[in-house]
1. Return yes or no: is Val90 closer than 21 Å to Val176 by Cα, hydrophobic (A, V, I, L, M, F, W, C), assigned by TED's automatic domain parsing to the domain that holds Gly162 and out of contact with any helix residue (DSSP H, G or I) (no Cβ under 7 Å at 6 or more places or on another chain)?
2. Just one of (1) exposed (fewer than 14 other Cβ atoms within 10 Å of the Cβ); (2) in a helix (DSSP H, G or I); (3) over 18 Å from the mean Cα position of the chain (by Cα) trips up Gly190, so point out which.
3. Quick check on this structure: which one of Ser129, Ser76 is polar (S, T, N, Q) and within 27 Å of Phe21 (Cβ to Cβ)?
4. For Val134, state whether it is surrounded by 17 or more Cβ atoms within 10 Å (Cβ to Cβ), over 19 Å from Leu84 (Cα atoms) and touching a residue at least 12 places away in the same chain (Cβ under 8 Å).
5. Is it the case, given these coordinates, that Ser160 is closer than 23 Å to Asp52 by Cα, of a type in the set (Ser, Thr, Tyr), surrounded by 14 or more Cβ atoms within 10 Å (Cβ to Cβ) and not assigned by TED's automatic domain parsing to the domain that holds Tyr30?
6. Look at Phe60 and say whether it is surrounded by 12 or more Cβ atoms within 10 Å (Cβ to Cβ) and within 13 Å of the chain's Cα centre (by Cα).
7. Looking at segment 117-125, is at least one residue touching a strand residue (DSSP E or B) at 6+ places or on another chain (Cβ under 9 Å) and free of Cβ contacts under 8 Å to residues at least 40 places away in the same chain?
8. Going by the conditions given, is Arg42 surrounded by 11 or more Cβ atoms within 10 Å (Cβ to Cβ), over 22 Å from His151 (Cβ atoms), basic (Lys, Arg) and touching a helix residue (DSSP H, G or I) at 6+ places or on another chain (Cβ under 9 Å)?
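The values are calculated or read from the model by the stated rules, or taken from the named source; none is laboratory data. Keep in mind that what you see is a predicted model, and the values were worked out from it rather than measured. Heads up, the Cβs are rebuilt from the backbone with ideal geometry, glycines too, and the neighbour counts pull from every protein chain shown.
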Amino acid sequence: MIEAFYRHIAASQQKQAVSHFAEKQAIPTYSWLVWELYPGAREIFLVRDFRDLYCSILAFNRKRGVVAFERDKFDSDEAYARWLGECAVVLQRNWEARADRALLVRYEDLITAPQSEIARVLSYLGLDSRPGIVSMMLAQANMPDVNLQKHRTVDDAMQSIGRWRRELSPALQAVVNDAFRDSLRAFGYGV
């Protein structure tokens, strides 16, 4: 069924000889099944400083005037941060279980060094990673997009890095540092 679905998508977009498909999981709960069905699968763990992710969620909710990303299930920002910390630990455990065959990509590296990070991802996937291909991909990714603009909570992606230091009170900084401490370290972030 998976392959039939992607063949249908390829045909509807008039694509020929498609060799790869991608699935996104917020927390990779079913990766074991993908590895079983597709022994040649590749898995990419895309992570972001969880403290900045937390800030982005709160900013997104304010911007849109909604309560999304499960925030409505918690009485306080502190309790929400602790729950997100538990989610980060699940992601961390999945990464540690498959780090020998998966690729870790940090959001901050994609933003600050996009050429080398995209080339690294393409190489891991066994795809053409020549500089011209990477440049073409980045040019496409940087084209204006109304839908993406609605999603953004800062004007420039560089502003999204380290935002927790600017946007959170000292008390809330202590909470997020504590909630995410082990996962931050596991993914190479300072605490």
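1. Taking the combined requirement at face value, the residue satisfies it.
2. Tallying (1) exposed (fewer than 14 other Cβ atoms within 10 Å of the Cβ); (2) in a helix (DSSP H, G or I); (3) over 18 Å from the mean Cα position of the chain (by Cα), Gly190 fails exactly one: (2).
3. Checking each option against the conditions leaves just Ser129.
4. Here the answer is yes, as Val134 does meet what is asked.
5. yes
6. Here the answer is no, as Phe60 does not meet what is asked.
7. yes
8. yes
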